[in-house]
1. R118: of a type in the set (D, E, K, R) and more than 24 Å from the chain's Cα centre (by Cα), yes or no?
2. Could you tell me how many of the residues in the stretch 149-170 are assigned to a loop (DSSP other than H, G, I, E, B) and under 18 Å from R53 (Cα atoms)?
3. Only residues that are touching a helix residue (DSSP H, G or I) at 6+ places or on another chain (Cβ under 8 Å) and among the aliphatic types (A, V, I, L, M): list them for the stretch 92-107, please.
4. Here is a list of conditions, (1) in a helix (DSSP H, G or I); (2) modelled with pLDDT under 95; (3) within 22 Å of the chain's Cα centre (by Cα), and Q136 meets all of them except one; can you say which number that is?
5. Would you be able to say whether some residue in the stretch 61-75 is at positive phi, surrounded by fewer than 24 Cβ atoms within 10 Å (Cβ to Cβ), touching a Gly at 6+ places or on another chain (Cβ under 9 Å) and not hydroxyl-bearing (S, T, Y)?
6. Please specify each residue of the stretch 24-76 satisfying the condition of being at pLDDT 70 or above and among the β-branched types (V, I, T).
7. Among the numbered conditions (1) buried (at least 16 other Cβ atoms within 10 Å of the Cβ); (2) under 26 Å from A176 (Cα atoms), tell me where V95 comes up short.
8. Only one residue in A125, A90, A84 is at pLDDT 95 or above and farther than 18 Å from S61 by Cα, so which one is that?
Amino acid sequence: MSIFDVVRRLLRAPRVDVPSAAPQPAAAAPAVATKPLLDRRGEQRASASHGLRVLIIDDSSTIVAVLGKMLRQNNFVTTGAADAETGIEAAVRDVPDLIFLDIVLPGMSGFNALRQLRRDPVTKAIPIIMISGNVQATEQFYVQRIGADDFMRKPFGRSDVFSRVQRLVESGRLPAHAAPRAELLTNDDVIAQPDADQDFIADAGTGTGTR
């Protein structure tokens, strides 16, 4: 048999198809656990109890009036004092739940008033928020840290006021009641600024300095 006969026989042989392997199903991706989304719109959060008594010590009648209105709109009871000496007497006579204390005041400064309030057993535990629009007084406050619970810069709005109140509630410094989270932080459209016609020169430690 010649080589040509062999080639022709191979060409005539029937083609044998080799079955291909059946495709394997793709492996399923592992399930990923997901956390359910929480709807916090109705979440209850502790806020300051209604009827808390707040003493505002500031020589600006505008600050006393505007801050007092903000607080009363949220069911606080407010009183005001135009100087440190009057404010300390009021705090001893009728102990408030919270004091807003201006740093720069005529006569005794807010810093000295704070020291006196902290030394008196009757008033030493009262939460005190210092307030000022004076840059030097602000810097001195942050340097000294002489016992105040918080600081608020003038001018301020409702959110500035009630965010600080909320922090005191959450830290246990003020009594609380359950209330919707957004109850105290709405209508932030009233801004309290220092009176331009009541600026004076006073030193923050002795009662003389720029407001």
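The values are calculated or read from the model by the stated rules, or taken from the named source; none is laboratory data. Keep in mind that this is a model prediction, so the values were computed, not measured. Here the Cβ is made from the backbone with ideal geometry for all residues, glycine too, and neighbour counts use every protein chain on show.
1. The answer is yes for R118.
2. Counting residues in the stretch 149-170 that are assigned to a loop (DSSP other than H, G, I, E, B) and under 18 Å from R53 (Cα atoms) gives 1.
3. Of everything in the stretch 92-107, those that are touching a helix residue (DSSP H, G or I) at 6+ places or on another chain (Cβ under 8 Å) and among the aliphatic types (A, V, I, L, M) turn out to be L98, I99, L101, I103, V104, L105.
4. (3)
5. Scanning the stretch 61-75, I find at least one residue that is at positive phi, surrounded by fewer than 24 Cβ atoms within 10 Å (Cβ to Cβ), touching a Gly at 6+ places or on another chain (Cβ under 9 Å) and not hydroxyl-bearing (S, T, Y), so the answer is yes.
6. Scanning the stretch 24-76 gives V54, I56, I57, T62, I63, V64, V66.
7. Result: V95 fails condition (1) only.
8. From the options A125, A90, A84, the qualifying one is A125.
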